[in-house]
Amino acid sequence: MKPWLVRSSSFLLTASLVFPVFSAHAQTPYASTQAVSNNMQVGGAMLAAASKVKLSKEDAAALAQKLVPMKGLELTNVSFRSSDTWRPFPEWSFSWEKKVANSEELEVSYSVSIHANTGEVTAYSRYERGASNLPYAKRVSYEDARKQAENFLAKYNAGKAEQTRLYVRDMPAPKTPLNTDTAYSFRFVRVVDGVLFPDNSADITVNSAGTVIGYSLTWNDVTFEKPTKVISQEEAEKQMIAQAEARLSYLIPWEKSGEARNKPTLAYQNPFTFYIDSADGTALLPASLVPRSQLKEPAPVSTKALPARHSGKALSQEEAVKLASNTFDLGNYELRSANYNEKDYRGNRPVWNLEYGEKENRNRGYAYVSIDATTGDIYAFNKEIQPLKSSEGSSKKVSTDELKAKAIETVRKWTPTLAHQLYWIDRSQEDAGQGDSDRYSVTFQRYLDGIAAASGTASLTFDTKSGELLSYYAELGSETYPAKPGKHLSEQEAIDAWKGEIETEAVYVLTPLSAEDRKKTESQASYLPKRSAKLVYRATTTPFEQAYFYDATTGDWRSQSSGKVINLHRPQPADLEGHPAEKELLLMYEYDALSLIDGKIMPQKEITRGEMIEMLMISLNNGRYYPVYSSERKNTFSDVANGSRYFAAVEAAVDRGLLDKNASKLNPNEPINREELADMIVRAMGYSKLADYSSMFQSKLTDIANTKHRGAIVIATTLGIMTTDKQAFKPTATVSRADAATSFTRFLEKRGTQETNPVMYHAEYE
């Protein structure tokens, strides 16, 4: 019987050998490790594994301590793990903690892992309570954080620093943080003879205070291919473009909900997701590195629509149960529950969900069936999957071609009304190891007129030895499609558009494991197969903060998350250089709260109410966009309709109490005045209740006595967020983009200060 391998995020638990740590409150971490070594009654296997490495526990601890301050820390754990396919080198790991006085809460903790043969630092993490509680203005920039990451790598693993370089093509430079609870991530990719090897890297995380809080090394012992003949990068790019295949597909942005999910967008996804063989220019599949030509085209289960299993009046419960009994072998089961859903998530269809239990509960078995009440289509079937039998006896397996044929016939019989829309998808090269498993899955995807639908799938899983069907699942999306796709851009136009966003680069990639090696790694936790890497060319696309696609109808680039039009190459405003509020205006432009007009930011242009609400809501959501509301959300204001630009931001502001929801109109495109801005900012800081007691505050301002939001004005000016003209506030004056940006930046600074060092207001009656 195969051993079960339980993996965590960083350890293969079956290969982790943990030394017990006893209560030892020592002056230094090293002293604690001495105490740990005194009791070794934890098994000979652990000692044997640890004895095969070059560094003793004490030697590794001495190296780990170089990254950890000595005073006040207690060593809480020491562990050793042997090499495995998860992390192909042995490691000593140490953890230290310091708790808040008279509390179980952590004040500081460190974890350090050391390569047990070379002494290299392989992992590091640091936690400090309140580390992000620093003034907003003192947060480090991306460039400063990058320098800290480079210095850390050079200091604690100089050898790997020389063999890596910072790689930024796979991620955009982060936006300016809107709070101090943020972190920057850096990936230093291994370089071999001037060629990137992205499978190996040193990953480092730096917090907003400029402190390294995370480090992890991924490194393999690899034989790198040295082809005798290599095509040039220019030739590889020509081959990449010549062999690109743009395929139309329907897409629904992830964040869409309600009625918005009912309107798929016709799109072209990235057509450059394959590799080019550096030797001869052949297009290769990334997962298997076999020629892409070996991948079979999607094929329909049926070339025509098939008659439904049931017609006429919707199935009653009795009829649904009878249909299930006639379809499946349920002789040893009895019905436990039946649930009818008039609009099931599988295509908004009426569905019967039937649950069965094994008679007399002999083996606690169960079965589950879902049936379309209108057509009789089966949407789901599975029985309790018992542990598969051991490999004793015959090792003969049903061929994948036989299982594919069985899957196609099953779909035709069980879900006939969808059969002409479900296409078999060749996954054989994406998961080459599936053929070695005891289970094999056949998948189908919905197509309409040769175009992949946004949703709609079927998946069947078989026992590869017996050929028994273990589970069946089919679903039809609830969205609607046009009878024929509308006018759209051609495949060549899509390729040309994507071509402008790619860069071709040579990389080494790990070659897939052989079938024999795969079997050994599954059964032997400590087995380390010899790895090799192949030289290929790949195309990387313009990095952006969100995944994106090419709109086949309009030619716009759109976010896969929101569906909004995006600009992959943000132009710099033509009128900002040297402006006193250049930095502040760029921040609002960076988050799309301000848009250019004829290439200019126009600092003196009045900012609108909608623009300011949008920026405040983005800041309150930590730089992320505000919540997405479904079409069922009723608009609070008559002039901000559901689906309009500011709808989501405005409704989020209403939910957060930033806006008075009793007003009938908002006038989002009109300029905001200074009093409104003060009220909005104070509400965003959480001081709206305090502002209601306006008579408590003294003020030398002469023009705010009769204002509606006097308390907010006093708070905003006292904190220095908004300025005054001597003793005049000018509450009805409009706000320029420059002034709004300046006030917004001061709001961010004061918000950070208030979170850590709140200002105490003393009430003084006038």
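Below is a table of values for the structure above.
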read-out: Set of lysines near K99 by C-alpha distance (under 18 Å), chain-local residues within fewer than 8 positions excluded; value: K71
read-out: Square roots of 5 times each gyration tensor eigenvalue, C-alpha, segment 317-475, largest first, Å; value: 26, 24, 11
read-out: Rg in Å to one decimal, and Dmax rounded to a whole Å, for segment 434-501 via C-alpha atoms; value: 18.0, 51
read-out: All-pairs Cα distance distribution in the chain, expressed in whole percent, bin size 10 Å; value: 2, 10, 15, 19, 21, 19, 11, 3, 0, 0
read-out: Segment 582-756, relative contact order in percent, only Cα pairs under 8 angstrom and at least six apart counted; value: 26 percent
read-out: Anchor K396: lysines whose Cα lies under 19 Å away (excluding residues fewer than 8 positions away in-chain); value: K2, K404, K406, K465, K519, K520
read-out: Table column - 3J(HN,Hα) (Hz), segment 201-212, Karplus curve with 6.51, -1.76, 1.60, x for Gly and Pro; value: 6, 10, 10, 10, 10, 10, 7, 5, 8, x, 9, 6
read-out: Helix-derived mean residue ellipticity, 222 nm - over the chain, DSSP H n ≥ 4, -39500 (n - 2.57), to 500; value: -6500 deg cm²/dmol
read-out: Ranked by how many other beta carbons lie within 10 Å on average, peptides 491-498, 710-717 from highest; value: 710-717, 491-498
read-out: Length-normalised contact order of segment 317-475 in % [C-alpha pairs under 8 Å, at least 6 apart]; value: 17 percent
read-out: Charged-residue dipole, Cβ positions (Lys, Arg, Asp, Glu), the chain about Cα centre, Debye nearest 20; value: 940 debye
read-out: Kirkwood-based Rg to Rh ratio, segment 191-337, C-alpha trace; value: 1.17
read-out: Protection proxy ranking of 56-69, 569-582 - average other beta-carbon atoms within 10 Å, highest first; value: 56-69, 569-582
read-out: Proxy reagent accessibility, fewest Cβ within 10 Å first, across M696, M70; value: M70, M696
read-out: Mean Cα-pair separation over length for the chain, i.e. relative contact order, pairs under 8 Å, 6 or more apart, %; value: 11 percent
read-out: Under 16 Å from K66, Cα to Cα: aspartates and glutamates that are on another chain or at least 8 residues apart; value: E58, E74, E97, E120
read-out: Order by protection proxy (mean Cβ within 10 Å, highest first), peptides 90-97, 421-428; value: 90-97, 421-428
read-out: FRET efficiency for N673 and N77, using Cβ-Cβ distance with R0 set to 56 Å, rounded to 0.05; value: 0.40
read-out: Over 30 Å [Cα-Cα, segment 582-756], rounded percent; value: 15 percent
read-out: Per-residue ³J(HN,Hα) for segment 303-312, Karplus 6.51 cos²θ - 1.76 cosθ + 1.60, θ = phi - 60°, Hz, x for Gly and Pro; value: 7, 9, 5, 9, x, 6, 6, 8, 9, x
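Computed from the coordinates by the stated procedures, all read-outs in this text should not be read as laboratory data. What you are looking at is a predicted structure, and each value in this text was computed from that prediction instead of being measured. No Cβ is skipped: glycine too gets one built from the backbone with ideal geometry, and neighbour counts run over all protein chains shown.
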